[in-house]
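Novice: One structure follows; several queries about it will come next.
The values are calculated or read from the model by the stated rules, or taken from the named source; none is laboratory data. Bear in mind the structure is a predicted one, so any value in this text is a computation, not a measurement. Cβ atoms come from the backbone with ideal geometry, glycine included; neighbour counts cover every protein chain shown. Heads up: the accessible areas ignore ligands, DNA and RNA and are worked out on the full protein's heavy atoms, side chains in. Shrake-Rupley method; radii C 1.70, N 1.55, O 1.52, S 1.80 Å.
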Amino acid sequence: MIHQPIIDTDNPSRQIDVTHHNQDAPAGLWHKTEICLSHIKINVFIEGDFSVFVNDKSYSPIYGDICFLPPAQIHYGQIEKPTHLDYFELNIGTHALDHVSGGTALLERLIKNSCHNQYFLRPKSEDENRAIKLCYHLENAVKQQNKPLAFAYTLQILSLIDSIYTNSSDIPYNALSKHTTAIIHYIEDHYHEKITIAQLSKLLGISSTYLSLMFKKETGLSIHQYLTEYRIMKATVLLKDHSVVDVCYLCGFCDSSHFIAAFKKHFGYTPAS
């Protein structure tokens, strides 16, 4: 699917685009290359049998659910069996609303609410129908190349989500096993240090082979992959105030060339760009 620009500039932090994902999907890891992003990501779900992994929880969205993910939040989807996916995706740069009165405050408020571990929202029926209707209006405006109208619909969607945050139901989630959760929390606390599977195995008192298989089965990622993604997530934040070399070692990478290669592989550009 193609990301259709609403605001298209050379500055990624000011860009906005929309995608309507509507296709059959095979079983497996979903959007593996988009586990940690530098912008805000919003999904409005319509159809599909899948789960979304965020932190140490797994969610199974249904019609009308909304997912709001702040920048640098590790996430990905898993599809257990072939399914038809239908959902809208909005990608919004963190400074895309700087020119709008109250726009920066709106994004900051949404990010703050989501960072309280409320990444998924289940609106009341009237709000879920309105959200989906606005997404279709947005899509039509983009197809007609009416970017001002598309931007207006984007603002309406964001304002609706802002109101939903104070008036939504909690979404059920599946917690991961205690061992997988322990690994995730250990990485959160020690990502800047050297971490090995043998070390984790000894800490949890189970074999390295079992630990690796269990983590991969539950999260879809190897422990090494998750650790690298988490370090990159932290790096995107630290790069605002530190040099590339400093961030490399603050995030636990063994050398700057390894860090730069991992960062570029993930985002498609170097941390100095």
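Novice: Restricting to the range 86-101, give me the number of residues that are closer than 17 Å to Glu139 by Cα and not aromatic (Phe, Trp, Tyr). Outline the logic, then answer.
Specialist: Looking only at the range 86-101, we keep the residues that are closer than 17 Å to Glu139 by Cα, and these are 86-92.
Then keep just the ones that are not aromatic (Phe, Trp, Tyr); that gives 86, 89-92.
Qualifying residue count, the range 86-101: 5.
Novice: Does Val142 satisfy the condition of being in contact (Cβ under 8 Å) with a residue 40 or more places away in the chain, farther than 18 Å from Ile66 by Cβ and not in a helix (DSSP H, G or I)? Let's see the steps before the verdict.
Specialist: Working: in contact (Cβ under 8 Å) with a residue 40 or more places away in the chain: yes; farther than 18 Å from Ile66 by Cβ: yes; not in a helix (DSSP H, G or I): no.
Answer is no for this residue.
Novice: Tally up the residues in the range 162-216 that are of a type in the set (Val, Ile, Thr), assigned to a loop (DSSP other than H, G, I, E, B), open to solvent by 40 Å² or more (accessible area, probe 1.4 Å) and touching a residue at least 24 places away in the same chain (Cβ under 8 Å), please. Outline the logic, then answer.
Specialist: Filtering the range 162-216 for residues of a type in the set (Val, Ile, Thr) gives 164, 166, 171, 180-181, 183-184, 187, 195-197, 206, 209.
Keeping just the survivors that are assigned to a loop (DSSP other than H, G, I, E, B) gives 166, 171, 195-196, 206.
Right, trim to open to solvent by 40 Å² or more (accessible area, probe 1.4 Å) and you get 166, 196.
Checking which are touching a residue at least 24 places away in the same chain (Cβ under 8 Å) leaves us with none.
Within the range 162-216, residues that are of a type in the set (Val, Ile, Thr), assigned to a loop (DSSP other than H, G, I, E, B), open to solvent by 40 Å² or more (accessible area, probe 1.4 Å) and touching a residue at least 24 places away in the same chain (Cβ under 8 Å) number 0.
Novice: Follow-up. Checking Ile157 against (1) modelled with pLDDT of 95 or more; (2) open to solvent by 40 Å² or more (accessible area, probe 1.4 Å); (3) under 20 Å from the mean Cα position of the chain (by Cα): exactly one of these is not met. Which one?
Specialist: Condition not satisfied by Ile157: (2).
Novice: On the given criteria, is Ser125 at pLDDT below 95, open to solvent by 40 Å² or more (accessible area, probe 1.4 Å) and touching a Gly at 6+ places or on another chain (Cβ under 8 Å)?
Specialist: Working: at pLDDT below 95: yes; open to solvent by 40 Å² or more (accessible area, probe 1.4 Å): yes; touching a Gly at 6+ places or on another chain (Cβ under 8 Å): yes.
For Ser125, the condition - at pLDDT below 95, open to solvent by 40 Å² or more (accessible area, probe 1.4 Å) and touching a Gly at 6+ places or on another chain (Cβ under 8 Å) - is met.
Novice: With respect to Gln73, is the statement that it is assigned to a strand (DSSP E or B), out of contact with any Pro (no Cβ under 9 Å at 6 or more places or on another chain) and open to solvent by 10 Å² or more (accessible area, probe 1.4 Å) true? Reasoning before the result, please.
Specialist: Details: assigned to a strand (DSSP E or B): no; out of contact with any Pro (no Cβ under 9 Å at 6 or more places or on another chain): yes; open to solvent by 10 Å² or more (accessible area, probe 1.4 Å): yes.
The answer is no for Gln73.
Novice: Something else: Going through the range 13-37 one residue at a time, which ones are surrounded by fewer than 19 Cβ atoms within 10 Å (Cβ to Cβ), at pLDDT below 85 and not in a strand (DSSP E or B)?
Specialist: Those that are surrounded by fewer than 19 Cβ atoms within 10 Å (Cβ to Cβ), at pLDDT below 85 and not in a strand (DSSP E or B): Ala27, His31, Lys32, Thr33, Glu34.
Novice: Let me ask something else. Please go through the range 55-72 and pick out each residue that is within 22 Å of Leu238 (Cα to Cα) and at pLDDT below 85.
Specialist: Asn55, Ala72
Novice: Next question. Tell me which residues, restricted to the range 217-255, are open to solvent by 40 Å² or more (accessible area, probe 1.4 Å) and not in a loop (DSSP other than H, G, I, E, B).
Specialist: Once the filter is applied, which keeps residues that are open to solvent by 40 Å² or more (accessible area, probe 1.4 Å) and not in a loop (DSSP other than H, G, I, E, B), the range 217-255 yields Lys217, Glu218, His224, Gln225, Lys234, Val237, Leu238, Val245, Asp246, Tyr249, Leu250.
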